[in-house]
Amino acid sequence: MSEAGLDTGHRGLVLPDQNNGSIDFLSYCPAMEGWLAGGWIDLNWDDQDFPPHCVLEFGDGKVEGEAVLCTFPRSDVRKIGVGMLLFLPAATGRNSGLHDILLFQFGRGFRLTPSEPLDTPAEGEAMARAKALAGTAARTGRRTQLLRLLNRPTFTGQDSFDTLQHPVFLELDGAYLCPPDGLLLRGWMIDPFDTTQVLRVRCGPAVAVLDRGQWVPIARPDVREGFSKQFGGLEDQCGFLAFVPNIYIPGEPVYFELQSRLGEVVFKRIPSVRSTGVDTIKDTLSHLELRYDDLQNGYDHVLGPAVEAMNRFRLREPVGYHEMSFGDVPERPRCSIIVPLYGRIDFMELQLAFFSRSLSRDHEIIYVLDDPKQMRAVSALANSCLQRFLHPFRLVMLSHNVGYAPANNVGLKVARGEYVCFLNSDVFPKTPDWLEYMVETAAASPQHGVVGALLVFEDETVQHEGVAYERLPEFADWQFSLHPRKGRFPGADGEIETVEGITGACLLMPMALARAVGGFDEGYVIGDFEDVDLCRKAQERGYDCVVDRRARLYHLERQSQGEQQTSWRLNLTLYNAWRFQNRWVRPGATGSGYRLRPAGDAAAAVTEQVA
Amino acid sequence: MSEVLDGIGVAPRVDGTLPSVFIMTHSHPKLTRGGAEISANTLFRELKARGATAWLMGVASARSALRLGATLTQPYGPDDFVYHPNAEFDYFKFANPDPQFPRVLEELMAELRPDIVHSHHFVRFGVESFAAIKRGSPGTRIVLSLHEYLAICNHHGQMMKTRTLRLCEKESYAACAACFPQHGERDFFLRKRYIQMFFDDVDLFVSPSHFLADRFRSWGLPPEKLTVLENMPPERPELPAAEARTPAPPRPAAIATPKPRFSGERGALAQEGTPAGRRAAGGVAAAGRLLRFGFFGQMSPLKGILVLMDAAKRLDAMGVDNVVIEIYGDYSSQPPDFQKAVKEALEEASENVVFHGVYDNAQVNDLMRRMDAIVMPSTWWENSPVVIQEAFTNGRPVICSNIGGMAEKVTHGVNGLHFEVSRPASLAAVLAELAEDPGKLSALQATVTPPPDAGTVLDEHLTLYRRVMN
């Protein structure tokens, strides 16, 4: 005899060493939301209505609760036991092998062991077998209860929404895998009579209840228009984006299960689950316009976790790269300038032309091409640039496109300088000694962890002279980093000034500090907020951010408002903002010391962030 | 001799008292005959005729013979180079991505060490060439002749709006981006900075007109580096005998001649290829003197050929019958839409228009002397048109649009007349006035002075070279 486990709730009960029966089959049945098992149990079992406590012991844990158990005559064991059918409610199933089933009744324990091999039929087959067996059981309340559960409809692969008495229309435009096992669902739903009581997503043994209050609503006037002749009171916002965590099991069918207020249960198959990448992130963030509290809700429950999972999957492996040196690059450079390149490779040509007349050969320039399809064009152009401008540089070509933060981090990995200067490719020197000033300022005080420059547009007005934070009520009161004095001529401020943050368009740090804080956080996607995040990491360690106005460069940031306000780009900025709030603002709101600028156009402020 | 220049022979210096000049042009004169190539070639020839050391380098064309792997070849002689580009030229910012050329040019300069590099153009060589020249031979002075408004304007250097073809007075990032929506303002900002940065290496910019010089000055070229000097004139065919240079005096009787009618027949196309129009040949105006106005040159959209034909039609409608417009030029290489427009205009042309088609430049003097005046109705600014120089060489006044380089070279009432650009009515009025009073034409002819000859212009070049060397 041995003791049952401590956490069965039946401590002290004595379990027999020998088996008290056997399990022939075991299946998790999503339609019944529980485990169904069949076998036999010895004659010591007292077939009473009082529900036994049941423990399913699996290789990786157990499931327990009150079971529904029916017995029935079984000729093959008639001298030693009776047939047994058991149902144990459980929200989700599991995959590892069953060890034993323990039953506790009136102070007695029973151990049922699985037959070798244990049969684990599919849900439909298991329920059909159970139904046949239950038909031979004595007419008890337990039998009635079990038959009711067994008679629940099961998903057979067929859509059955059209059998509902009051129609509900649910269509998916796409289901995207958010690795490892989340699903992002995009579609629309019309429930004109409020028929739905519970809507679930199921995948094999996994199930999740969809809370429509947490969906991201999407305007679908086309859908509303299509149904408006049949039904009144429809709204444009019948489209949705929903995120379902911990649901997807490869190889298992994924489907909706709708339980109506009239007790009907219907199903709808979710067709193919798509893999994800940057294109999916863009797609996900298109055609959304979240504001106010919807923003927080939408990013907390849907967009945030979905994009985070997709981005993490996208960057799951360290990116490979090829490295080339053009000309005699310095072995021990004073500063490493890291410039990620994407799209406009001619910016490299222009920068190198301008650097050739302004930059000391003590510094190294590292271009990181984050645009693999342009590898050949860039290496040819690089060679041409060296011959024309005679300014040495290094070129790192990434094997696939990873985005701003990871590209810079590769540059940081290969850099050899005492300082590092992250520079955008659309930044061009205005004063020849811009970098000398920045390095001098960084070296002047151990407090100076991050140094920025005065960046101007081509009309000599300010693009950046330090970042300031501002909370925007329209955008869930989140903090955004803005550029004070942008668009105006530089003021009469001092040459070197401590500021709240520095733009990544031109940001210098001691190399040791940049590496100590791990470079840019790669959880931000494409290119917002990584810079101020980096500044925060330095500030957290006690360093200051300073702007040196003696260092002047042109920053030709994206000009077209139309381009900036593309909805996916704006929403991606909001995703990055959400991440920034979670990392730096929400835990211990440090916004009290921030300069607030007068209320202006909030949307413009966010698009400024995009730029 | 360096590795890259292996096989390149260089002619010895000839006269140490004259500056040695390395002349560059964007297309080799042996291959094409544009204005810049002609000027470069004349300069080369005249310098050598004086005994100076001179070299010429032009860019190869598709029909140039390649030497595999060679960037420079010398098919025309030891002081004559052809550059074979190895990359597609960037016409937006005039960058030459050819990775071979900078080193080849630098080494050639280090070897030749010319006193002067006179570049007629920067396209195809690239503005970076100036830096390579200075690297190879820091003591060399660079003179750059400006052709058109190329560095300023991305629209073929014409300073005309792309969509409306209206005249552009001044470039700006916004205005240029409006003409070329595929480029943003910042692209034009960078374009200008890129070009100007490499222009820093140029010691002297030469403009053939004050108008063009002013445009470049307001664009940002330093005034002290800008000078105005006419391009070397093209080689002139021998001038006809002296008496032929003096036209017969116009006879006022022509004014009263009634308008001729040629029922059922069109004007210009019917006479295509004939030396003169029906009106001229038919003797309708025999009672009076027939005035001939000649158009010479490319019949491209901006040369104003449609303005001219419209003016001819107006003259016809006005009953002016002692005027013939004779067109010497070609439109076969123009865009299809424009060819169609010219063809239609010629079909519909009034009887006072004669279309002769393409002409041999060797005959230009003969042909011009058959005219009473030359018409230049260009609808763009022009710079220093060769046609004006040719007209003056032949003692013919020029009737031209009242803008840009034309208006500068032609003094209204002295050696020609101006009319309002792109206004056929204005041109018709000027021509009608001369038809009514041919004496005015005689007066203009009398005050036309021929342009300086090649020797004189070369002297001016040498003066400039010495100035910039000092």
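The values are calculated or read from the model by the stated rules, or taken from the named source; none is laboratory data. All figures in this text were calculated on a predicted structure; none of them were measured in a lab. We place every Cβ from the backbone using ideal geometry, glycine too, and count neighbours over all the protein chains shown. Only protein heavy atoms, including side chains, enter the accessible area calculation; ligands, DNA and RNA are left aside. Shrake-Rupley method; radii C 1.70, N 1.55, O 1.52, S 1.80 Å.
Some observations on this one:
- Any hit, the stretch B:53-70, residues being modelled with pLDDT of 95 or more and either in a loop (DSSP other than H, G, I, E, B) or open to solvent by 10 Å² or more (accessible area, probe 1.4 Å) (or both): yes
- Of all residues making up the stretch B:412-470, the number that are acidic (Asp, Glu) and without any contact (Cβ under 8 Å) to a residue 40 or more places away in the chain: 3
- Whichever residue in the stretch A:213-225 is in contact with a strand residue (DSSP E or B) (Cβ under 7 Å, 6 or more places away or on another chain) and not in a strand (DSSP E or B) and, among such residues, is surrounded by the fewest Cβ atoms within 10 Å (Cβ to Cβ): A:ALA219
- Within the stretch B:180-212, the set of residues being surrounded by 20 or more Cβ atoms within 10 Å (Cβ to Cβ) and either more than 14 Å from chain A (Cβ to nearest Cβ) or at positive phi (or both) comprises B:VAL202, B:LEU204, B:PHE205, B:VAL206, B:SER207, B:PRO208, B:SER209, B:PHE211, B:LEU212.
- Odd one out for A:ARG357 among (1) under 20 Å from B:PRO99 (Cα atoms); (2) part of a loop (DSSP other than H, G, I, E, B); (3) away from every other protein chain (no Cβ under 14 Å): (3)
- When A:MET310 is tested against (1) open to solvent by less than 10 Å² (accessible area, probe 1.4 Å); (2) touching an Asp or Glu at 6+ places or on another chain (Cβ under 8 Å); (3) modelled with pLDDT under 95, exactly one condition is not met: (2).
- Listed by first and then second residue, the pairs with beta-carbon distance under 8 Å, at least 6 apart or on different chains, first residue in the stretch B:329-353 and within 14 Å of B:LYS303 (Cα to Cα), second crowded, with 19+ Cβ neighbours inside 10 Å and aromatic (Phe, Trp, Tyr), are B:GLY329/B:PHE295; B:GLY329/B:PHE296; B:PHE338/B:TYR331; B:GLN339/B:TYR331; B:VAL342/B:TYR331.
- Residue match in the stretch A:387-410 (condition: within 14 Å of chain B (Cβ to nearest Cβ) and open to solvent by 20 Å² or more (accessible area, probe 1.4 Å)): yes
- Unique residue being touching a Phe, Trp or Tyr at 6+ places or on another chain (Cβ under 8 Å) and within 19 Å of A:ASN297 (Cα to Cα) when the list is A:GLY187, A:GLY213: A:GLY187
- Of all residues in the stretch B:84-135 being more than 8 Å from chain A (Cβ to nearest Cβ), farther than 22 Å from B:PHE180 by Cβ and basic (Lys, Arg), the one that is least open to solvent (accessible area, probe 1.4 Å): B:LYS134
- Residue match in the stretch A:59-71 (condition: among the acidic types (Asp, Glu), closer than 17 Å to A:MET32 by Cα and touching a residue at least 24 places away in the same chain (Cβ under 8 Å)): yes
- The number of residues in the stretch A:485-501 being part of a loop (DSSP other than H, G, I, E, B), touching a residue at least 40 places away in the same chain (Cβ under 8 Å) and of a type in the set (D, E, K, R) comes to 4.
- The set of residues in the stretch A:434-464 being modelled with pLDDT under 95 and among the charged types (D, E, K, R) consists of A:GLU458, A:ASP459, A:GLU460.
- Filtered residue count, the stretch A:419-454, keeping only those that are touching a strand residue (DSSP E or B) at 6+ places or on another chain (Cβ under 7 Å) and away from every other protein chain (no Cβ under 14 Å): 20
- Single condition A:ALA382 does not satisfy, out of (1) within 23 Å of A:MET438 (Cβ to Cβ); (2) within 14 Å of another protein chain (Cβ to nearest Cβ): (1)
- Residue in the stretch A:108-138 that is most open to solvent (accessible area, probe 1.4 Å), counting only those that are without any contact (Cβ under 8 Å) to a residue 24 or more places away in the chain and not acidic (Asp, Glu): A:PRO117
- Pick from the stretch A:360-379, criterion away from chain B (no Cβ under 14 Å) and of a type in the set (A, V, I, L, M, F, W, C), ranking: surrounded by the fewest Cβ atoms within 10 Å (Cβ to Cβ): A:MET375
- Options B:ALA428, B:ALA432; residue that is open to solvent by less than 10 Å² (accessible area, probe 1.4 Å), closer than 25 Å to B:ASP316 by Cβ and at pLDDT 95 or above: B:ALA428
- In the stretch A:414-433, the qualifying residues are those that are among the hydroxyl-bearing types (Ser, Thr, Tyr) and assigned to a loop (DSSP other than H, G, I, E, B), and the one that is modelled with the lowest pLDDT is A:THR431.
- Condition broken by A:ASP370, with the remaining ones in (1) closer than 21 Å to A:ARG579 by Cβ; (2) modelled with pLDDT under 95; (3) acidic (Asp, Glu) satisfied: (2)
- Of the listed requirements (1) at pLDDT 95 or above; (2) open to solvent by 80 Å² or more (accessible area, probe 1.4 Å), A:GLY182 misses just one: (2).
- Of the residues making up the stretch B:159-179, just one is acidic (Asp, Glu) and surrounded by 13 or more Cβ atoms within 10 Å (Cβ to Cβ), namely B:GLU171.
- Scanning the stretch B:317-328 for residues being open to solvent by 10 Å² or more (accessible area, probe 1.4 Å) and in contact (Cβ under 8 Å) with a residue 40 or more places away in the chain gives a total of 3.
- Meets criteria (in contact with a helix residue (DSSP H, G or I) (Cβ under 8 Å, 6 or more places away or on another chain), assigned to a loop (DSSP other than H, G, I, E, B), buried (at least 19 other Cβ atoms within 10 Å of the Cβ) and at pLDDT 95 or above) for B:ILE152: yes
- Test: residue in the stretch B:152-172 that is within 14 Å of chain A (Cβ to nearest Cβ) and in contact with a Cys (Cβ under 9 Å, 6 or more places away or on another chain): yes
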